[in-house]
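A quick write-up on the structure given underneath.
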Amino acid sequence: MPVDLVLNNAKIYTRKGIVEAGLAIDQGRIFSIAKETNLPAASEKLDLKGLLLLPGVIDSHVHLRDQQLAYKEDFFSGTAAAAAGGVTSVIDMPNNKPVTMSPESLRERMGIAEKRTIVNVAFYSAFPRDLGEIESITEEGAVAFKLFLSQMIGGLDIEDDDALSKAFDKVSRTEIPIAVHAEDRETIEKATAGLQKTGRRDVQARLEARSPEAERKAIQRTILLVERTEAHVHFCHLSSAIGLNAFLDAKKDGLPITCEVTPHHLFLSSEHLKRLKTLALVDPPLRTQKDLRALWKALKQGLIDVVSTDHAPHTIEEKKADSAWEAKAGFPGLETMLPLLLTQVNHDHLSLSTLVRATSEKPAQIFNLKNRGCLVEGNHADLVAVDMSQEYEIDASEFYSKAKYSPFDGWKVKGKPVKTLVDGKLVMDGGEIVAEPGIGQVIRRPKS
Ligand SMILES: [Zn+2]
């Protein structure tokens with residue numbers, strides 16, 4: 001019996017380095033990686049003409065919206081954006097309308113996603129009001145919980161350390177991670193009130209209200225909870241040198257913690273915020289050049305586990321309010337992350353192994369997405385073929401995301417995702433989506 005598909009003439013990124021070979025796919029899985037003469041007969045062949053073949057990006061921080069927020073993004077537009085950006089699996093955040101915070105709301109979201117996605121989707125849940133539901137939410141298939149410390153989303157009172165401790169303890173027994181948005185609510189609210197009293201409404205005020213100190217405080221508070229409960233905490237979007245150091249200090253003590261940075265905190269500083277105004281508004285905010293350097297250094301040293309987008313689409317009207325306090329934080333990122341990082345690889349500023357580790361291998365490990373994240377026999381054939389020599393300008397007006405703007409609009413990049421395969425099926429070819437909605441799978445937490 002011939003296998004379903006053979007990809008010929010590729011440079012394949014494997015654990016042993018890059019090999020010039022072909023890759024055979026059968027029933028959605030990698031059947032073998034071998035020199036052309038040793039590959040099995042195939043029903044279909046695709047010549048990759050020397051393209052670099054990487055494990056598809058696993059983006060563990062994505063707001064796909066849909067439901068009552070479908071005007072910002074929906075499962076189709078968001079996962080089409082993912083496919084265009086070389087992303088084969090995303091993990092969807094729970095701050096939706098309705099909030100994902102119960103077995104029922106999770107099941108409903110999964111049901112909608114099943115019919116509409118182009119890439120694979122796994123789900124976070126917020127904490128339920130009744131902590132007894134933590135188990136049923138994980139049974140339903142959530143791969144992680146998300147805790148926002150800057151505002152209350154979900155059913156858990158974030159001022160109540162005892163309640164947090166109980167919740168962490170319960171989750172630690174399910175062995176799934178808790179992703180934490182670490183910015184201290186009280187610090188932010190006090191600073192905000194002070195700034196508003198003086199009549200400030202400029203974008204710089206939003207930056208001042210969310211200081212690195214607010215980040216450090218929330219990280220340290222979370223770390224105390226980890227020490228008590230041994231829950232695995234994954235810190236989202238570390239943005240400042242101060243926050244990073246608080247994380248690294250605790251990591252040295254051997255705590256079960258991991259962290260993420262976003263491309264915008266790696267590439268953009270408060271100078272960009274000054275120029276781009278509320279369009280570049282994001283939480284936590286863009287910081288100083290010194291912070292950027294600290295994040296890059298840690299990434300290159302292998303101290304940052306994950307790079308993910310925090311893809312957070314809003315309408316352009318929501319981004320542009322007269323008062324910066326009213327403008328929505330966040331912007332799309334799925335179609336820009338891989339090209340931005342590949343450009344750094346092209347400039348010898350980042351190694352390809354660090355890129356693949358932070359965007360595929362580690363997210364698969366941390367969120368327990370079984371048989372994904374690296375190219376070995378038996379794994380899902382989630383792949384992206386990139387053209388390392390293609391130079392182009394990012395054009396946000398051509399995004400698949402409903403949010404057709406970006407702080408990276410107009411940036412020159414070198415290195416482009418040109419083919420994306422999800423479970424062995426071609427979903428993006430030369431920038432075009434070539435698959436029908438529903439081809440992506442809902443990834444559920446493996447049953448224990
Ligand atoms: Zn987010």
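The values are calculated or read from the model by the stated rules, or taken from the named source; none is laboratory data. Predicted, not measured: the structure shown is a model, and the values here were computed from it. Here the Cβ positions follow ideal geometry from the backbone for every residue, glycine too, while neighbour counts run over all protein chains shown. Just the protein is used for accessible areas: all its heavy atoms, side chains included, with ligands, DNA and RNA removed. Shrake-Rupley method; radii C 1.70, N 1.55, O 1.52, S 1.80 Å.
Given only helices, namely DSSP H runs of n ≥ 4 each adding -39500 (n - 2.57), what is the per-residue ellipticity at 222 nm of the chain, to the nearest 500 deg cm²/dmol?
It lands at -9500 deg cm²/dmol.
Normalised by 2.2 N^0.38 Å, with N the number of residues, the alpha-carbon radius of gyration of the stretch 35-115 equals 1.51. In this simple spin-label model, placing a label point 7 Å from the Cα along the Cα-to-Cβ direction at both residue 412 and residue 27 gives a separation of 5.0 nm. Using every Cα-Cα pair within the stretch 1-144, state what percent have a distance larger than 24 Å. Taking all Cα-Cα pairs of the stretch 1-144, the fraction more than 24 Å apart is 46 percent. Only lysine pairs 8 or more places apart or on separate chains count here, and in the stretch 1-117 those with Cα atoms under 24 Å apart total 10. Shape descriptor for the stretch 292-396: Rg over Rh equals 1.03 (Cα atoms; Rh from the Kirkwood inverse mean 1/r). The amide H of residue 387, built 1.01 Å from its N in the peptide plane, has 416, 418 as neighbours under 5 Å, considering only residues 5 or more places off or on other chains. Label-to-label distance for residue 368 and residue 253 is 2.5 nm, based on points extended 7 Å past Cα in the beta-carbon direction.
For the stretch 309-319, 3J(HN,Hα) computed residue by residue from phi via the Karplus equation (6.51, -1.76, 1.60; θ = phi - 60°) reads 7, 6, 4, 9, x, 9, 6, 5, 5, 5, 7 Hz, glycine and proline entered as x. Taking 37 °C and 0.692 mPa s as conditions, the stretch 156-207 diffuses translationally at an estimated 241 µm²/s according to Stokes-Einstein applied to its Kirkwood radius (Cα pairs).
Taking 373, 430, 154 in turn, the Gaussian network model of the chain (Cα-Cα springs below 10 Å) assigns the largest fluctuation to 430. Set the Cα radius of gyration of the stretch 61-106 against 2.2 N^0.38 Å, with N its number of residues, and you get 1.15.
For the stretch 180-268, the per residue solvent-accessible surface stands at 39 Å², with DNA, RNA and ligands left out and a 1.4 Å probe. For the stretch 226-236, backbone phi angles converted through the Karplus equation (6.51, -1.76, 1.60; θ = phi - 60°) give residue-by-residue couplings of 5, 4, 6, 10, 6, 5, 7, 10, 10, 7, 6 Hz, Gly and Pro being listed as x.
Which value, in nm² and rounded to one decimal, describes the direction-averaged projected area of the C-alpha convex hull of the stretch 182-238? With every direction weighted equally, the projected area is 4.1 nm². When Rg and the Kirkwood radius Rh are both evaluated on Cα atoms of the chain, their ratio Rg/Rh stands at 0.96. Computed on the stretch 265-316, with alpha-carbon pairs under 8 angstrom and 6+ residues apart, the relative contact order is 35 percent. Here the stretch 255-314 and the stretch 177-254 have alpha carbon centers that stand 13 Å from each other.
Solvent exposure of the stretch 343-448, expressed per residue, is 43 Å² of accessible area, with all protein chains present and a 1.4 angstrom probe.
With a simple spin-label model that places each label point 7 Å from the Cα along the Cα-to-Cβ direction, the separation between residue 290 and residue 41 comes to 6.8 nm. Of the accessible area of the chain, computed with a 1.4 Å probe over protein heavy atoms only, carbon and sulfur atoms account for 47 percent. Three principal axis extents describe the C-alpha atoms of the stretch 80-210; from largest down they are 50, 41, 22 Å. To the nearest 10 degrees, how steeply does helix 185-197 sit against the main Cα axis of the chain, on a 0 to 90 scale? The answer is roughly 60 degrees. The protection proxy used here, the mean number of other Cβ atoms lying within 10 Å of each residue, ranks peptides 386-398, 10-22 as follows, highest first: 10-22, 386-398.
Distance from the Cα centroid of the stretch 340-381 to that of the stretch 113-131 is 23 Å (rounded to whole angstrom). Please give the helix 337-346 orientation as an angle from the longest Cα principal axis of the chain, in degrees from 0 to 90, rounded to the nearest 10. It works out to around 70 degrees. The lysines whose alpha-carbon is closer than 18 Å to the alpha-carbon of residue 190, local same-chain residues fewer than 8 away aside, are 217.
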